[in-house]
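**Student:** Have a look at the structure that comes next, please.
The values are calculated or read from the model by the stated rules, or taken from the named source; none is laboratory data. Here the structure is a predicted model, which means the values were calculated and not measured. Neighbour counts run over all protein chains shown; Cβ positions are idealised from the backbone, glycine included. Note: areas computed on protein heavy atoms with side chains; ligands, DNA, RNA excluded. Shrake-Rupley method; radii C 1.70, N 1.55, O 1.52, S 1.80 Å.
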Amino acid sequence: MQTPIDLALERLKMIVARQEELLKDHFSEADTRVKFIDPVLTEVLGWQEVPHITREERYTVAGQEEQRCIDYTISLQEPVLIVEAKKILKEFEIPSTHQTRFSLQGVLKNAKNIWAAIAQARAYCVEKEARYALVTNGRQWIAFKGLVERGGWMKGSVVVWRSPQDLLLRFQEFYMCLSREA
């Protein structure tokens, strides 16, 4: 009998195989969310459409006219995870080392496309009082604590999965970090 994590791994393998075929087409951010991120959140990580996932939640920052849009808010009773999506063809500039964890105060601050997405997700965590954040383009996944009680969030670190193959190799860590079950 397969356990939930075993079933989740099988689903991820199917999504990764499908992803390679689908990548032959051009993708917008919306395509990336529907074809890659949604299936990972629901089929792999076990978050149910209702009541867990809220998409494209709009809000206005106090004192500003500009509206912001949170791609995903994942909730149990309260928001727990913010997901910031980018289009699949926008690769993050992850330092080329064998490290899987990076300090928020280190080299990632110089990787502008990563840092902008991390800062955006962090702002959404503050707005929604969600503890965790995930930034993804559907192929690369970056998770971190967006809210920390002591010491400030910048003293934290991020966990990086560089590619679909990295997700498969380090699946248990991915699942235990981000699944509804965990």
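**Student:** Residues that are within 25 Å of Leu147 (Cβ to Cβ): which helices (runs of 4 or more DSSP H) entirely in segment 1-89 hold 2 or more of them?
**Tutor:** Where helices (runs of 4 or more DSSP H) fall fully within segment 1-89 and carry at least 2 residues being within 25 Å of Leu147 (Cβ to Cβ), they are 49-52.
**Student:** For segment 137-149: of the residues being not in a strand (DSSP E or B) and not charged (D, E, K, R), which is modelled with the lowest pLDDT?
**Tutor:** Only one residue tops the list, namely Val148.
**Student:** Any residue that is open to solvent by 10 Å² or more (accessible area, probe 1.4 Å), in contact with a helix residue (DSSP H, G or I) (Cβ under 6 Å, 6 or more places away or on another chain) and part of a loop (DSSP other than H, G, I, E, B) - is there at least one of those in segment 150-158?
**Tutor:** Within segment 150-158 (the criterion being open to solvent by 10 Å² or more (accessible area, probe 1.4 Å), in contact with a helix residue (DSSP H, G or I) (Cβ under 6 Å, 6 or more places away or on another chain) and part of a loop (DSSP other than H, G, I, E, B)), the answer is no, since none of the residues qualifies.
**Student:** Return yes when Glu29 is open to solvent by 50 Å² or more (accessible area, probe 1.4 Å), in contact with a strand residue (DSSP E or B) (Cβ under 7 Å, 6 or more places away or on another chain) and over 15 Å from Leu168 (Cα atoms) and no when it is not.
**Tutor:** So Glu29 fits the description; yes.
**Student:** Mind listing whichever residues of segment 54-75 are open to solvent by 20 Å² or more (accessible area, probe 1.4 Å), without any contact (Cβ under 8 Å) to a residue 60 or more places away in the chain and among the aliphatic types (A, V, I, L, M)?
**Tutor:** Ala62
**Student:** When the residues of segment 76-90 are narrowed to those that are out of contact with any helix residue (DSSP H, G or I) (no Cβ under 8 Å at 6 or more places or on another chain) and surrounded by fewer than 15 Cβ atoms within 10 Å (Cβ to Cβ), which ends up farthest from Glu129 (Cα to Cα)?
**Tutor:** Among those residues, the one meeting the criterion is Gln77.
**Student:** From the residues in segment 115-136 that are among the hydrophobic types (A, V, I, L, M, F, W, C) and part of a strand (DSSP E or B), which one is farthest from Leu76 (Cα to Cα)?
**Tutor:** The qualifying residue farthest from Leu76 (Cα to Cα) is Val135.
**Student:** Any residue at all in segment 58-71 that's of a type in the set (Phe, Trp, Tyr) and out of contact with any Asp or Glu (no Cβ under 8 Å at 6 or more places or on another chain)?
**Tutor:** No, because not a single residue in segment 58-71 is of a type in the set (Phe, Trp, Tyr) and out of contact with any Asp or Glu (no Cβ under 8 Å at 6 or more places or on another chain).
**Student:** If you go through segment 96-111 one residue at a time, do you hit one that is assigned to a helix (DSSP H, G or I), open to solvent by 10 Å² or more (accessible area, probe 1.4 Å) and free of Cβ contacts under 8 Å to residues at least 12 places away in the same chain?
**Tutor:** Yes, some residue in segment 96-111 is assigned to a helix (DSSP H, G or I), open to solvent by 10 Å² or more (accessible area, probe 1.4 Å) and free of Cβ contacts under 8 Å to residues at least 12 places away in the same chain.
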